[in-house]
Structure formats: C-alpha cells, structure tokens
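Beneath this line is the structure, given in structure tokens, with notes to follow.
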Amino acid sequence: MLKRRKRSILAGSALLAWAAFAPAVMAERIGDAERGAEIYRKCAACHMVGAQAKNRIGPHLNGIFGRKAAALDGFRYSDAMRRAGADGLIWELDKLDAYLENPKALVTGTRMSFAGIRSLDDRHDVLAYLRTFSDKPRDIPEASPTAVAHEVALAPEVLAMAGDRDYGEYLSSECLTCHRKDGSDRGIPAITGWRNEDFVVAMHAYRQKLRPHPVMQMMAGRLSDEEIAALAAYFAALE
Amino acid sequence: MTLNRRDFVTTTIGLAASLAAPMVMAAGKPRVVVIGGGAGGATAARHLAEASKGALDVTLVEPTRKYYTCFFSNLYLGGFQEFAALGHTYGKLAADFGVNVVHDWAVGIDRDAKTVSLAGGGTLPYDRLILSPGIDFVDGAVPGWDITAQNAMPHAYKAGSQTQLLKAQIEAMPAGGVYAMIAPPNPFRCPPGPYERISMVAHRLKQINPTAKILIVDPKEKFSKQALFEDGWMRHYGGMVERVGPDFGAANTSVDPAAMTVDIDGEVTKVDVCNVIPAQKAGRICETAGITDGNWVPVNPHTMQARADENIHVLGDASAQGDMPKSGFSANSQAKVAVMAVRGALTDSRVFPAKYSNTCWSLLGTDDGVKVGAAYEATDEKIASVESFISQTGEDAALRKQTYEESLGWYAGITADMFG
Ligand SMILES: Cc1cc2nc3c(=O)[nH]c(=O)nc-3n(C[C@H](O)[C@H](O)[C@H](O)COP(=O)(O)OP(=O)(O)OC[C@H]3O[C@@H](n4cnc5c(N)ncnc54)[C@H](O)[C@@H]3O)c2cc1C
C-alpha cells in the first residue's frame, strides 16, 4: 500500500523531477507485489505457486516469466495453448499482461475459463507478485507493460463496428485458401461461427504482433478495423 | 435448329410472359469460358459460378478427368503421401455449383469473334475468357532432351504418370547409384519445388539405398529458401547431396537419354536416374491466342486482364504479373481477384481493391516443415510484394512439426476451395 502511494506521489510531482526520475522508477518495478498477493487469490482457485507447487486445474506458475507457453510436461494443456507454445509464445511481461487482460485475445481456444482483469494496476500488481517466484527475479528484463502499449481491450466502437458482409465475403476468399469453410480444423484452426468479439480481438492481437505466427501477423497486418469487422461478420454467419 | 433470342421473342408475342421470361434470361446470360482446370482455373470456375448464383454461364474446358496436383507430388516421392490422394475430379464443380465441365482441349481462340475452338470440333462463345493453362517447356532448353525423351528422363513437373514414373525409377536405382536433377533457370513453376524434391528423394533413398548419391546441376547462382534447404540436407542426409552451380559450368549442360549421361561443360557423367526440369513458358494456347510477350503473358495487376486483350484474364503460371512466385497458392489468389473483376464487369456486383498473398511450405524430412510467404498489392506496373516472412534455421522441432501439419491443413483447404 505504502509503495503504491509513493508511486502516485512521484507521478504527481514537478514535471522536471518526473522526467529525470521516470525511466529508473519504471524499470525497477512492475507493480506492487504485496497487493498482487491479494489479487492472486482469484488465480489460486486453479493455480499453485511457491514451494511444493503442483499442477492443479491450471499449471503451476513458478518461473512463469520467460517460460514458453504450454511448457510443463505433466500438464494437459488445450490444443490452442500447445499451438501457441509451438509458434513461439514466450511468457514475457507484455504477453502475460495481455493474457490476463483477456485470455481469449491471445489464445482464443484456451481452457482457462477466466474472464480477465480489466484494471491495469491490478494486472501489474499480480504480475509483480508472480515475478517473486521466478528463479532469478533480478534477471527478468523489466519494462512497464504500459510502455509496450498493447491495447487488447479494444475501444467499444471498434468492437461494435458493423461489418460490411459483401466486402467480408470478398476478403474471406483470401482466408479460405487455408481455413476451411466447413469448419474442419485439421492442421489449421477453424474460424467459422465464432463470437464476433472473439474474432475481432484475435485479429487485432495478430495485427499488433502480440500473438505469434508469421502468416497470421502478415494477413492481419494489412487489414483495417473496418476490414476486420467485415470478416468477423462474414465468418460469424457461416455454419 | 437453334433458337436465338430475337426469334424467340418474336414468335412468342401474345404468349404468356411468365413462360417466356426465364428462357429469354437463360439465353441472355453473360458467358464466361475458363480454359484449364488447375489451381487457377478450377478456383475461378468454382467461385464465379458460386458467387454469381446463376447469373453467369460458366464453362470449364479441361482435357483430363482427374487433376493431379503438383503440390504435394514431391511428398509422394518421399513416401509421405499416397498417389491417389493427389487426384481430384470435377464432379462437384458441375453438380454443386453448376459449372459446365467440358473435357476437351482448347486449340484456338478467335479474339475478334470471341470464341474458343475445341479439339473435338465444337466452338464456345464467350463474353470473358479466363486462361489458366499452366506451363509448357521451352524447346531445346536442355540440349539432347525433348518431350519424346520424357520416359527415359522424366520431368515430373506436370503431375500424374510422370510423377509415378520418376518414383519407380528412383526405387529401382542400383545400390550406390546416382540420381541427377537438371534444375531449371528462372522464372519457373514453384521456386522451392526442385529443392523440396531433392529433400524427398534423399529421404526415400536414405531408407532404401543409403549409399546412393544425388547430383543437382543448377544453372542458377542461388535458389529459394537456400539456407533452409542446405541446412536440412546437412542435418538429415549429410554427404548425400552435391550441387554443381554455374561457376562449375552448370549453365552449359547437355544430356544423352539413350546413354543416360549428363555432360557438364565437357565432363560426362553416367547416371541412373536423370530428372530433367527444362526452362518453361506459358501454356501453348497463350501463344496461339497471340497474347504473349516473350515466354509469358503480361497482365494488368488490378484485374489479371491480359495487356493485349481486356476480354481475357490470364492466371497462374502463364501470367507475367510481377513479384508473385508461380505457385498453386498464387494462382488461387489471382483467381479470386479475376472473379471479382469479371463479376463486376458482367453483372452489377461490387468491385473491391485487389489483394494477393502466397505461402509455400516445403518438407525437408520427417516432421521438418518450413515456409516462405508474402503479401502483395497491385500497382499500375506490377503486383508488388509489400511484406514477407520466411522460416529461420535453428527453429525447434515442435515448430517445424507444426509447420508441416499446417501444410497438410493448407492442402486440404486449397483443394476444397478449388474443387468444392
Ligand atoms: C513438384 C512441384 C511442387 C509444387 N509444390 C507447390 C506447393 O507446395 N505449393 C504451391 O502453391 N504450388 C506448388 N507447385 C506449383 C503449382 O503446381 C503451380 O504453380 C500451379 O499448379 C499453377 O496453376 P495453373 O492454374 O497456372 O496451372 P495448372 O495447375 O498446371 O493447371 C493447368 C491446367 O490447364 C490444362 N490445360 C493446359 N492447356 C490446355 C488447353 N489448351 N485446353 C484446355 N486445358 C488446358 C491442363 O490440363 C491443366 O489441368 C508445385 C509444382 C511442382 C511441379
């Protein structure tokens, strides 16, 4: 609590002092680990951390920073999480932050049924807490997640954008060279009949290169918000 | 007797309009003829017929009843695919989408009359023509070889019996024998294709004939995904593959199919299998139509229309469009742009900016897949690459396996997209 107040005082101090101090302060800490321990109770229903931690409903979270997604041998991960791991998803700060904000944005088919934490401060604090269970917390390269500025939480107008279905149909023809119209998911995941919001959020996560995969980062990278909305409308209506 | 639109209207005056209307409409439908039922043509025919919901009359001309994909034919050589799985028929294009499938060769195109003549004698009128005939070989490209030598020295660069023949020859090689490939100069169908083939031949030989040797005679300085292939050959088939490039005279190569020898800049080598992949050009019908410039057909990047004739769209390997490689993926991508342009011209459907992309996967060995790809947009001069990616050497086994599995998904996806 105390440390936290200190941070806000710093932030409010004279402009000159702030400019001189800010980088050092930001690099030093993610958030408030003490407060994070309390927020972690939300996770503890499924995850263990600390000495003798075992896999439960979710995998144990010791050494999670820098760990590859789906890396624990003894845990049965979802296909989606295993795919993300094979693609090269490493649990670095910005990825963890995005996953905790909205698990489905980063790994749409994840088995972690957890709605996400909307508050930036809460996420930073719980991550600061988890960091203390890393083998060498000091070696973990730190940067404020805000410095990375990934916006997993899309503006409501982006999420609510009504897609032009005709345009979506034309754009979709490019996707159907790989993704199947009949919803089969052999080798390449199915994308038909998704909730609009999941689709939009997933495409934005590729576009921001938060979600790994060179093909999809390239495909999404050249789509505008309107085009993503058009595709979401088209694919949601299939099946 | 034929009933044309005017006769019909004049003779039915006074009859119930409700009866006459559908006939008149059918006779007046814009006609699209597609030549070639491969990666470009099958995709175009299917999507034209499907999207226009009966507003267009779509005819596909293709001589063979079963199309064997070149893509994944190398995997068949390596023992990773069944031959039968490469074959696809046109039944669904006809039954599910209403494409008129005509199994014949197109032998002539009258661009003024806008008709296509068929080897079987018929004539097909068109409002728009789509040409996707693939490749033919440049005569005299490899001295000593011509198409009559294709049984002694197969190309296996159009899939089907040639691919089966090559596989049988590889499997019949004597212990410690030599497989030689005469690789083609640029530009040619599927830039990584010859080198994926080398990987697959090596894989098969390692199993059945581990002391055999592979010799690549290559007129090019460098080739697609070279670092990835060379790394893969080293890891999986160390010592088996040797490549002779232009610095050692590979550009000056001839063959003798009767003696089964390869002459590289004066040095003659006896080989057991000789896979000659000659230099290539657009399918012959393009020359017949008089729309080629050199070996290929220049096209408008926004619509895939031939520069020489706006009523003809040319797709796939036959086109000279700019930066896209000649691949099945590219042909499929170009077909979608052409479909949109044709529908826009002949019906009142909307037209959107052209978007193209390509990804080519290659298999280096068991569960060791790599890929290269790019996105493209149309400029006035050419289809231009705007972004690209390529697999890296040193990727871990899980990623390589996943990449291979993706390629299986892609094969299922593109063939479903082509044939329904
Ligand atoms: C070994 C190998 C591996 C490959 N691997 C891949 C890969 O992994 N991925 C990829 O994307 N691409 C791959 N390709 C490339 C791909 O096969 C071609 O680029 C693609 O088939 C080109 O499509 P197309 O429509 O231009 O021609 P094609 O697919 O060859 O179709 C042409 C069709 O036209 C017909 N035809 C020709 N002339 C006439 C005529 N006068 N009248 C009527 N019909 C006619 C032919 O019978 C044929 O069916 C590979 C190629 C090879 C050889």
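Odds and ends about this structure:
- Set side by side, the residues B:Ala354, B:Ala308, B:Ala320 differ, and just one is of a type in the set (A, V, I, L, M) and within 14 Å of the ligand (Cβ to nearest atom), which is B:Ala320.
- Residues being surrounded by fewer than 19 Cβ atoms within 10 Å (Cβ to Cβ) and farther than 30 Å from B:Asp348 by Cα - total across region B:54-80: 6
- Residue match in region A:8-22 (condition: at pLDDT 90 or above and not in a helix (DSSP H, G or I)): no
- Test set (1) assigned to a loop (DSSP other than H, G, I, E, B); (2) in contact (Cβ under 8 Å) with a residue 60 or more places away in the chain; (3) more than 24 Å from A:Ile191 (Cβ to Cβ) - A:Gln52 fails condition number: (2)
- Set B:Gly373, B:Gly290: member being of a type in the set (Gly, Ala, Ser) and facing chain A (nearest Cβ under 10 Å): B:Gly373
- Positions within region A:47-98 being among the aromatic types (Phe, Trp, Tyr) and touching a Ser or Thr at 6+ places or on another chain (Cβ under 8 Å), in sequence order: A:Phe65
- B:Ser349 falls short on exactly one of the conditions (1) surrounded by fewer than 16 Cβ atoms within 10 Å (Cβ to Cβ); (2) in contact (Cβ under 8 Å) with a residue 24 or more places away in the chain; (3) facing chain A (nearest Cβ under 9 Å), and that condition is (1).
- Scanning region A:160-172 for residues that are under 28 Å from the mean Cα position of the chain (by Cα) and either assigned by TED's automatic domain parsing to the domain that holds A:Asp97 or closer than 17 Å to B:Tyr356 by Cβ (or both) gives A:Leu171, A:Ser172.
- Count - residues of region B:376-420 that are at the interface with chain A (Cβ under 10 Å from one of its Cβ atoms), under 15 Å from B:Ser330 (Cβ atoms) and aliphatic (A, V, I, L, M): 3
- Of all residues in region B:327-341 being of a type in the set (A, V, I, L, M) and within 16 Å of the ligand (Cβ to nearest atom), the one that is farthest from B:Pro194 (Cα to Cα): B:Val339
- Within region A:61-141, helices (runs of 4 or more DSSP H) holding 3 or more residues that are in contact (Cβ under 8 Å) with a residue 12 or more places away in the chain and within 14 Å of chain B (Cβ to nearest Cβ): A:79-87
- Figure legend. Inter-residue proximity from region B:280-291: first residues over 25 Å from B:Ala156 (Cα atoms), second residues of a type in the set (Gly, Ala, Ser) and surrounded by 15 or more Cβ atoms within 10 Å (Cβ to Cβ), beta-carbon distance below 8 Å, spacing 6+ or different chains. Indicated pairs: B:Gly290/B:Ala308; B:Ile291/B:Ala306; B:Ile291/B:Ala308.
- Considering residues of region B:46-72 that are in contact (Cβ under 8 Å) with a residue 60 or more places away in the chain and within 14 Å of chain A (Cβ to nearest Cβ) only, the residue nearest to A:Arg165 (Cα to Cα): B:Ala51
- Residue match in region B:287-307 (condition: assigned by TED's automatic domain parsing to the domain that holds B:Tyr356, in contact with a strand residue (DSSP E or B) (Cβ under 6 Å, 6 or more places away or on another chain), among the polar types (S, T, N, Q) and under 17 Å from B:Tyr356 (Cα atoms)): yes
- Close Cβ contacts (under 6 Å, 6 or more residues apart or on different chains) running from residues in region B:305-333 that are more than 20 Å from B:Glu287 (Cα to Cα) to residues that are of a type in the set (Val, Ile, Thr) and more than 10 Å from the ligand (Cβ to nearest atom) comprise B:Asp323/B:Ile383; B:Met324/B:Ile383.
- Whichever residue in region B:280-291 is surrounded by 18 or more Cβ atoms within 10 Å (Cβ to Cβ) and under 28 Å from B:Thr253 (Cα atoms) and, among such residues, is nearest to the ligand (Cβ to nearest atom): B:Gly283
- Considering residues of region B:91-115 that are in contact with a helix residue (DSSP H, G or I) (Cβ under 7 Å, 6 or more places away or on another chain) and within 11 Å of the ligand (Cβ to nearest atom) only, the residue farthest from the other protein chains (Cβ to nearest Cβ): B:Gly108
- Residue under evaluation B:Ile312, criteria (1) under 24 Å from B:Ala51 (Cα atoms); (2) facing another protein chain (nearest Cβ under 9 Å), criterion not met: (2)
The values are calculated or read from the model by the stated rules, or taken from the named source; none is laboratory data. These numbers were taken from a predicted model, which means no experiment stands behind them. A quick note on method: Cβ atoms are made from the backbone with ideal geometry, for glycine too, and the neighbour counts reach across all protein chains shown.
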